[in-house]
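A short worksheet on the structure shown next.
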Amino acid sequence: MATDARRAVEAVWRIESARLIAGLARMVRDVGLAEELAQDALVSALAQWPEHGVPRNPGAWLMTAAKNRAVDLIRRDRNYRRKLEQIGRDTEFDHAPDAAAEVGEIDDDLLRLVFTACHPVLSTEAQVALTLRVLGGLTTDEIARAFLVPEATVAQRIVRAKKSLAKAGVPFEVPEEDQRAARLASVLGVIYLIFNEGYSATAGDDWMRPALCEDAVRLGRVLAGLMPREPEVHGLVALMEVQASRARARVGPGGEPVLLLEQNRARWDQLLIRRGLDALARAESLGGAGGPYALQAAIAACHARARAPEDTDWTRIAGLYERLSLVAPSPVVELNHAVAIGMAFGPAVGLELVDELVDEPVLTGYHLLPSVRGDLLAKLGRHAEAREEFERAAGLTRNERERKLLLDRAAAC
């Protein structure tokens, strides 16, 4: 019974924690304090639910417990009257586990929490850690294991993030219209960074960390529900859904990487593909077909629609990368464009474009540059040069699975 109750607490926490913290942050105007109050409510649940049973409305129970704790803290504060007035009607609730806010109010609170957790006053690492903590409901240990860093490091990032928000006086609000586009781009970037770390782990022994992909997709879906008129939000969701559809096929029986053109497409998740294509259609219907995430989603969709590798429309993919290079220019986009050109018009043409990128400072130390170059050289029969490139790529990557793959390709040359 106690074990069942504990599992219930953990399940409810993963589902309700973001709404709980968001609602509390609106009350106390401090994300750090809100998260502490939510944790106090969690501790209370762990102590009481095994003995008294899981309440009918566990989310409301947690909110009531946290609000009671907030009122206790405020009453002990010297500025009791001023803070109590600031909270106003937010504290007018029964002690019964009720007090659920209206759906629209909850959504507004969540949106405020999203923008606060990804505020530019924080470093990218801090934004990622705080987002996973307060929006994803992950524990410090889970975040640390996902990113292969010590738990103490993640704990410090989260504590510093909360202090930075408080010190800078960051308001708990959705940005004004003139700042919203830039701030939304930052939010989307954090979510996609989380997804990418799960999809292609930068370090460690695993090629993928699926749990991070799932967390990012979940955050993306929540954001799409909160901002249904923002095309790039749907574009990001589309991109992640389609990419995630290939997760099972990207890893072999022994955990080894399986490259796109060698994957068993029957193992691709058709439900995720349909969801992704639907999200892409929504982005396009909202006028967002030319957005960076929508364009990347359209590229992923080309692969998803191809029943076999030879059915892939590489000419269209090359054109989409060309458009992407205009709205989000970067050497990495140019490298991907070169790959598509090589597939559409031959490896010699692709190699010519890749060679133009060799001296790009941004790509110094980027293992995929020599990896792509090695692939094109191998296709041209220049095996000795290809082997050198694969070996160089293997020396640059920090992922053990990828290193082995590259060394195997070098040996095959």
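The values are calculated or read from the model by the stated rules, or taken from the named source; none is laboratory data. Model, not experiment: these values are computed from the prediction. All Cβ positions, even for glycine, are placed from backbone atoms using ideal geometry, and neighbour counts span all protein chains on display. Side chains included, ligands, DNA and RNA excluded: accessible areas come from the protein's heavy atoms. Shrake-Rupley method; radii C 1.70, N 1.55, O 1.52, S 1.80 Å.
Quick rundown of the values:
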read-out	value
Flag if THR364 is within 27 Å of the chain's Cα centre (by Cα) and among the polar types (S, T, N, Q)	yes
Residue check, ALA249 farther than 30 Å from THR397 by Cα and either part of a helix (DSSP H, G or I) or open to solvent by 30 Å² or more (accessible area, probe 1.4 Å) (or both)	no
Matching option when the condition is modelled with pLDDT under 85, closer than 24 Å to PRO171 by Cα and not in a helix (DSSP H, G or I), among ARG78, ARG82	ARG78
Members of the stretch 27-54 that are under 26 Å from ALA117 (Cα atoms) and over 24 Å from the mean Cα position of the chain (by Cα)	MET27, VAL28, ARG29, LEU33, LEU37, ASP40, ALA41, LEU42, VAL43, SER44, ALA45
Number of the condition not met by LEU188 [criteria: (1) open to solvent by 20 Å² or more (accessible area, probe 1.4 Å); (2) modelled with pLDDT of 90 or more; (3) touching a helix residue (DSSP H, G or I) at 6+ places or on another chain (Cβ under 7 Å)]	(1)
Wholly within the stretch 96-206, helices (runs of 4 or more DSSP H) carrying at least 1 residues that are aromatic (Phe, Trp, Tyr) and outside the structural domain of GLU16 (by the TED database)	103-117, 140-147, 177-199
Any hit, the stretch 325-335, residues being under 27 Å from the mean Cα position of the chain (by Cα), open to solvent by 30 Å² or more (accessible area, probe 1.4 Å), at pLDDT 95 or above and farther than 24 Å from THR202 by Cβ	yes
Filter result (outside any helix (DSSP H, G or I) and closer than 24 Å to ALA318 by Cα) within the stretch 254-285	VAL258, LEU259, GLN263, ASN264, TRP268
Per-region count, the stretch 123-165, residues in contact with a Gly (Cβ under 6 Å, 6 or more places away or on another chain) and at positive phi	1
Residue among ARG133, ARG145, ARG160 that alone is surrounded by fewer than 22 Cβ atoms within 10 Å (Cβ to Cβ) and touching a residue at least 12 places away in the same chain (Cβ under 8 Å)	ARG160
Residue list for the stretch 365-409, restricted to those being surrounded by fewer than 17 Cβ atoms within 10 Å (Cβ to Cβ), in a helix (DSSP H, G or I) and in contact with a strand residue (DSSP E or B) (Cβ under 8 Å, 6 or more places away or on another chain)	GLU400
